[in-house]
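My structure is below; once you've seen it, I'll send some questions.
Values in this text are rule-based calculations from the coordinates and carry no lab data. Owing to the predicted nature of the structure, the values given are computational and were not obtained by experimental measurement. Cβ: placed from backbone, ideal geometry, glycine included. Neighbour counts: every protein chain shown.
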Amino acid sequence: MRGTQHSIILRAMLNNKWKKIWTAKDFQRPPFFIGYEASARMSELMKMYPDILIVGKKERFRTLSVNWPNVTREFLDSL
């Protein structure tokens with residue numbers, strides 16, 4: 001995966017294990033700025049990595065979490 005909006009989101013989620021739940025708002029301000037497209041990129045990531053990401057809901061907003069047991073060394077090396 002090259003330096004795309006997808007990779008910014010995915011790398012942020014994988015490098016910040018302390019944060020359990022992510023929303024589009026997390027990517028609409030620095031340091032992981034994507035902008036208003038963040039929600040769309042999160043939806044695309046859900047389809048790209050259904051075994052790695054857990055979809056949830058907080059009020060009316062979609063959330064994503066990392067399914068850590070499914071994150072393998074091979075997956076991390078492929079990024």
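Loop only per DSSP, at most 13 neighbouring Cβ atoms within 10 Å: give me the chymotrypsin sites (Phe, Trp or Tyr not before Pro) in the range 27-79, ordered by residue number. Write out the running numbers ahead of the final one.
Working: sites: Phe27, Phe32, Phe33, Tyr36, Phe61, Phe75; in loops: Phe32, Phe33, Tyr36.
Taking the range 27-79 and a limit of 13 other Cβ atoms within 10 Å, the loop chymotrypsin sites (Phe, Trp or Tyr not before Pro) found are Phe33, Tyr36.
First select every other residue whose beta carbon is under 13 angstrom from the beta carbon of Gly56; then total the charges, Lys and Arg +1, Asp and Glu -1.
That works out to +4.
Another one. Between Arg73 and Ser7, what is the FRET efficiency for a Förster distance of 25 Å, r being their Cβ-Cβ separation, to the nearest 0.05? Each step should come with its number before you reach the end.
Working: r = 18 Å, r/R0 = 0.72.
Here the calculated transfer efficiency is 0.90.
Rounded to a whole number of µm²/s, how large is the Stokes-Einstein D of the range 6-79 at 20 °C and 1.002 mPa s, given Rh as the Kirkwood radius over C-alpha pairs?
172
Kindly count the pairs of lysines across the chain whose alpha carbons are less than 19 Å apart, treating pairs on different chains or eight or more residues apart as eligible.
8
Can you sort Val66, Val71 so the residue with the fewest Cβ neighbours within 10 Å comes first?
Working: Val66 20, Val71 14.
Ascending number of Cβ neighbours within 10 Å: Val71, Val66.
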